[in-house]
1. Could you please find all residues in the range 122-155 being of a type in the set (Asp, Glu) and without any contact (Cβ under 8 Å) to a residue 60 or more places away in the chain?
2. Before we move on, is Lys63 over 25 Å from Val216 (Cβ atoms) and among the charged types (D, E, K, R)?
3. Quick one: is Ala185 among the small types (Gly, Ala, Ser), within 25 Å of the chain's Cα centre (by Cα), modelled with pLDDT under 70 and not in a loop (DSSP other than H, G, I, E, B)?
4. Only one residue in Glu68, Glu41 is of a type in the set (Asp, Glu), at pLDDT below 90 and out of contact with any Pro (no Cβ under 9 Å at 6 or more places or on another chain). Which one?
Amino acid sequence: MRTLVTEVAVVLICLPVFVGYTAVLLRRSEQLRLTAQHMAEHDQLTGLLNRHGIALKTPALIKRARAEGRHMGVLVLDVDHFKNINDSYGHDAGDVVLASLGTGLVSWVNEGDLAVRLGGEEFAVIGLHDHPDSARLLAERLRSSASQLQVVAALRFTVSVGVASTVPAPLASDEPVSYRELTTARAAADAGVLSQLLSAADGALYRAKASGRNRVEITPEPGADAAPTLVSKG
């Protein structure tokens with residue numbers, strides 16, 4: 001009997017230690033999960049969202065745009081003559097340019113906008129606007145602000161910007177569908193909206209490059225004739 005009492009006493013003494021240690025392990029595990037999630041969704045050099053990150057974040061913006069009847073705007077920015085920067089100043093300087101632009105975008109964009117590094121020297125800003133011209137005005141502000149950055153000695157750079165915007169069409173169904181089918185349809189529609197806007201903004205970016213760089217171009221109105229222009233980004 002005395003042995004049993006002793007064992008119970010030992011368990012009661014050790015239990016708080018075990019519970020505390022378990023809590024520490026759970027907190028550590030959650031911290032590691034959040035860190036891994038952040039790394040998966042963000043670009044390591046600039047700290048901005050990456051393509052995976054915007055795929056997760058944009059559905060909420062698209063939902064708001066549909067509900068409020070607002071324009072969803074996508075701006076695609078590309079550093080002009082970036083290869084020349086790397087060749088003349090070195091790749092470390094090129095990284096500083098990209099990191100500085102990333103930091104600048106965070107402070108220049110509107111509250112609630114998503115700043116993204118798409119890859120290489122290409123960035124994007126995604127947000128909601130009350131009027132399609134608001135996206136163009138934001139693009140001009142970003143272009144002007146970038147041209148005033150001085151990152152390495154006398155090194156300055158410019159960006160070209162392509163702009164596209166649309167009011168996402170409401171989701172409609174003539175027949176009752178299950179929640180799973182509705183969720184799948186909404187995800188596909190959202191991915192289509194983002195893909196089309198990125199493609200349209202990228203096309204406008206090519207026109208900005210072809211027109212001399214350090215400028216903003218917007219996507220032509222639907223149905224407008226626009227001869228495709230091929231030009232290397234840079």
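1. Here is the first cut: in the range 122-155, the ones of a type in the set (Asp, Glu) are 122, 130, 133, 140.
Scanning the range 122-155 gives a single hit, Asp133.
2. Numbers: over 25 Å from Val216 (Cβ atoms): yes; among the charged types (D, E, K, R): yes.
Taking the combined requirement at face value, the residue satisfies it.
3. On the way: among the small types (Gly, Ala, Ser): yes; within 25 Å of the chain's Cα centre (by Cα): yes; modelled with pLDDT under 70: yes; not in a loop (DSSP other than H, G, I, E, B): yes.
Yes.
4. Details: Glu68 fails: at pLDDT below 90.
From the options Glu68, Glu41, the qualifying one is Glu41.
The values are calculated or read from the model by the stated rules, or taken from the named source; none is laboratory data. What you see is a predicted model, and the numbers here were worked out from it, not measured in a lab. We place every Cβ from the backbone using ideal geometry, glycine too, and count neighbours over all the protein chains shown.
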